[in-house]
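Here's the structure we're looking at; comments come further down.
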Amino acid sequence: MTQPLLQVQNLSIDFTSGAALNNAVKNISFTVNAGEILAIVGESGSGKSVTALSLLQLLPQQALVKGKLIFAPAIQPAVDLLQTSGRQMNSIRGKDIAMIFQEPMTSLNPVITCGHQVMESIQLHQQISAKAARQKAIELFQQVDLPNAAELIDRYPHQLSGGQKQRVMIAMAMSCAPSLLIADEPTTALDVTVQKTILELIKKLQQKTGMGVIFITHDLSLVADIADSILVMYKGQIVEQGKTKEVLQHPQQAYTKALLACRPALHARGVKLPVVSDFFDGNENNQAHVKKTLVTSNIDENKTLSNRDNQTADNAVLSPVLKVEKLSVHYNGKRSFLFGKPNQPFKAVDEVSFIVSKGETLGLVGESGCGKTTLGRAILQLIPVTSGNIILNGSNLAALSSKELQPLRKELQMVFQDPYGSLNPRLTIGNAMTEPMNVHGILNSKGQRKERAVDLLEKVNLTAEHFNRYPHQFSGGQRQRICIARALVLNPSFLIFDESVSALDVSVQAQVLNLLNDLKKEYGFTSIFISHDLSVVRYISDRILVMNNGKIVEEGPADEVYTNPQNDYTKKLIAAIPGKSIMF
């Protein structure tokens, strides 16, 4: 019988913090065969990335690792990766076991060209000349479908898009034809079309080379079409594992069922999304409700929501809160260093017109670079517009001076894509929330402002004790809820959500989407919801605008655009949504 490429036996990982001992991974075992793609799935903190890092001895010194990691490539003797010396491990890393990290921008050196970073790995392990390494790097760039590889090799990471940087990381990982490839969340926050391309690329390279692959993700549906086997982790333990089709179509464990059920694509708009807690503690009523929702969503959706769509369309004509008229944002030479076209104007937003009615959520969807974020920032007057009008409640924001805009800014608020980057790390959450109230003179005293901030924290499922904590003391999902609470402290009439759930775990994403629906009912705000994921936009929005190359290419009621798209670009976005065929 052929020996597995990798055998993980009774792996436990603990982290020491003073006298405390935190269990990150608890006595797990699994195997990976040559030519197999194993998906390790779980939420943040489940132990999946820690497990992967232990294979390459990349954990910090305070990590206590026990067990056996038997690595047995085809033409080499088997070794226990936990017992290898540092020198031996250096010869294995990059050559026999390669890793694609989650965030390519922080994994690539910003002051070294992309080509040089790939060439460095090639020369380190293969002992060939710089000229030969450069030629091989160009060939690798071509294999991962990077355009103009001979030119791209001399560019720096900041001169590439997110998808291109991720392909550079894949080229680097594949440079020495590894026996085992570890892909740690390689598509998180990427456009659905780029995501699909990256998944297909990894599958193609795996089939070509016969390597084993460990694919780490928080989204079960993402690996439906590429993984041979799935391993589900929860709180450091393996709760379910098996062949992909069996796990996805017949999940046995509550946690697996929860990860599958909380995807917005399975639910009608307005229906409360299930969350992980609904599947634990023997909560049979919640589980029954979830199953009923999943069975009846498609039946009820078109029948019950068509009237709402028609009403929304009528309201948009009768009571518009926001009118955007032929809005354009142009940049001179903005992309010259990316595409080699100096001084060529770039039209980020090109004569876009639409209206948003009172109480409506308008979805704005498209890939990175289509102009949707630029449009959102232009509406808030965070960037200058080239031409056009932005009429909010009768006032043309594009024609006002900064001083004239100041009193109107409290009516317009934005929830940014990166919650950590939009919170000042030196300010407590309480100070971050009371500062806007101080600036705009909301309420009369410090105590009243604190009371309002605490009340909003509790509305986003946090507590009063979080008022005095700092951003780094929260998870990503908690930080995003804090940003939503901060945006609401001024009681704005209009909110813009810019990719506010794109990088969250699917279960946390469900919690945030439920929260937005609840807050909208309570506060009655009007909003624009920006995302690259049409399934999320369809769930949360009344109407949808689809953007491509700075223009609106399709618009209409959310369900109509999602189920019956007319534009080829919209059809491409829908086709790229992962795991649409999986039913719970």
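The values are calculated or read from the model by the stated rules, or taken from the named source; none is laboratory data. Just so you know, these numbers come straight off a predicted model, no measurement behind them. Glycine gets a Cβ as well: all are built from the backbone with ideal geometry, and neighbour counts include every protein chain shown. Accessible surface is based on the protein model in full, side chains and every heavy atom, while ligands, DNA and RNA are left aside. Shrake-Rupley method; radii C 1.70, N 1.55, O 1.52, S 1.80 Å.
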Quick check for you: with a 1.4 Å probe and neighbouring chains kept, what is the accessible area per residue of the chain, in Å²?
44
Positive-pole candidate from VAL501, GLN511, HIS472, dipole of region 463-556, charges at beta carbon
HIS472
What is the distance in Å between the Cα centroid of region 220-261 and that of region 509-584?
26
Sum up the lysine pairs in region 111-270 that clear both bars: alpha-carbon distance under 26 Å and a spacing of 8 or more or different chains.
28
Under unit Cβ charges (Lys, Arg +1; Asp, Glu -1), what dipole magnitude, rounded to 20 debye, does the chain have relative to its Cα centre?
840
Of all DSSP beta bridges located in the chain, what percent are antiparallel, nearest 5?
55
Averaging sequence separations of C-alpha pairs under 8 Å and six or more residues apart, then dividing by the length of region 341-455, give the relative contact order as a whole percent.
13
Once you have the Cα-Cα distance between HIS250 and ILE128, take 0.36 nm times their residue separation minus that, and quote the gain in nm to one decimal.
38.9 nm
Solvent-accessible area of ILE540, probe 1.4 Å, all protein chains present, reported in Å² to the nearest ten, please.
10
Give the ranking of ASP542, ASP145, ASP228 by solvent-accessible surface, highest area first, calculated with a 1.4 Å probe.
ASP145, ASP228, ASP542
For region 2-116, whose charge dipole is built from +1 on Lys and Arg Cβ atoms and -1 on Asp and Glu Cβ atoms, the candidate among ALA19, SER44, GLY94 with its Cα farthest towards the positive end is ALA19
Report, to the nearest 10°, how far helix 506-523 tilts away from the longest principal axis of the Cα atoms in the chain, using its own Cα long axis and a range of 0 to 90°.
10
Check: C-alpha center region 174-215 vs C-alpha center region 92-150, spacing in Å is 15
I'd like the orientation of helix 114-126 relative to the chain: the angle between its Cα long axis and the longest Cα principal axis, in ° from 0 to 90, rounded to 10.
10
Taking the Cα centre of region 429-497 as origin and charging only Cβ (+1 Lys, Arg; -1 Asp, Glu), how large is the dipole, in debye to the nearest 20?
80
For region 25-116, what relative contact order do you get, as a whole percent, if you take Cα pairs closer than 8 Å and at least 6 residues apart?
17
To the nearest 20 debye, what is the magnitude of the charge dipole of region 451-584 about its Cα centre, counting +1 on the Cβ of each Lys and Arg and -1 on the Cβ of each Asp and Glu?
160
Fraction of accessible area attributable to carbon and sulfur, the chain (%, probe 1.4 Å)
48
